[in-house]
Amino acid sequence: LLSYSNTDAELNHLDAEVSTLGLLIGPGVTLFPVKGGALDNIFVTATVGFNLDYFSYDFDSSLLDDDANTALGFGALVGFGKEWWIANTWSLGVGLNYKFSYGGDSDIDDASWSTNSVQLVVTISHN
């Protein structure tokens, strides 16, 4: 799973624009627990694995230089959604995921990062 976010934050009491690019690689499972009826093609999904986050900062001040850091560590994702058949073997859907990641900063000693995100996703499946 590759994700991108951009937000305003306060770092060291200075306003900053923070961009995060995250990559979660690991085993996952997606289950369709109900067959037939109104809940047909509802799915739940989960993934755990290795996470890499790349953070870049654009400070609204000349007191600090803009910077970038990477964090390596653990990531997990859980989600749910619904798919609709658009052809005999293809389905299209939407879902909502929650992703958490935690890692040590490779550029700053004894620093760590954690991220939390909610993601709206589009799914395409071939069966």
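The values are calculated or read from the model by the stated rules, or taken from the named source; none is laboratory data. The shown structure was predicted, so the numbers you read here are calculated from the model rather than taken from an experiment. Here Cβ is always computed from backbone atoms with ideal geometry, including for glycine, and neighbour counts include all displayed protein chains. Note: areas computed on protein heavy atoms with side chains; ligands, DNA, RNA excluded. Shrake-Rupley method; radii C 1.70, N 1.55, O 1.52, S 1.80 Å.
Pairs are defined by a Cβ separation below 9 Å, a sequence spacing of at least 6 or placement on different chains, a first member in the range 23-39 that is closer than 20 Å to Gly103 by Cα, and a second member that is surrounded by 10 or more Cβ atoms within 10 Å (Cβ to Cβ) and of a type in the set (Asp, Glu); the pairs so defined are Leu23/Asp53.
For the range 19-45, filtering for residues that are open to solvent by 80 Å² or more (accessible area, probe 1.4 Å), at pLDDT 85 or above and either under 12 Å from Gly81 (Cα atoms) or assigned to a loop (DSSP other than H, G, I, E, B) (or both) leaves 5. Does any residue of the range 71-91 turn out to be of a type in the set (Phe, Trp, Tyr), modelled with pLDDT of 95 or more and in contact with a Phe, Trp or Tyr (Cβ under 9 Å, 6 or more places away or on another chain)? Yes, some residue in the range 71-91 is of a type in the set (Phe, Trp, Tyr), modelled with pLDDT of 95 or more and in contact with a Phe, Trp or Tyr (Cβ under 9 Å, 6 or more places away or on another chain). The selection criterion, being part of a strand (DSSP E or B), open to solvent by 60 Å² or more (accessible area, probe 1.4 Å) and either among the hydrophobic types (A, V, I, L, M, F, W, C) or modelled with pLDDT under 70 (or both), does not hold for Phe55. Taking Ser61 as the residue in question, decide whether it is outside any strand (DSSP E or B) and at pLDDT below 85. Yes, satisfied.
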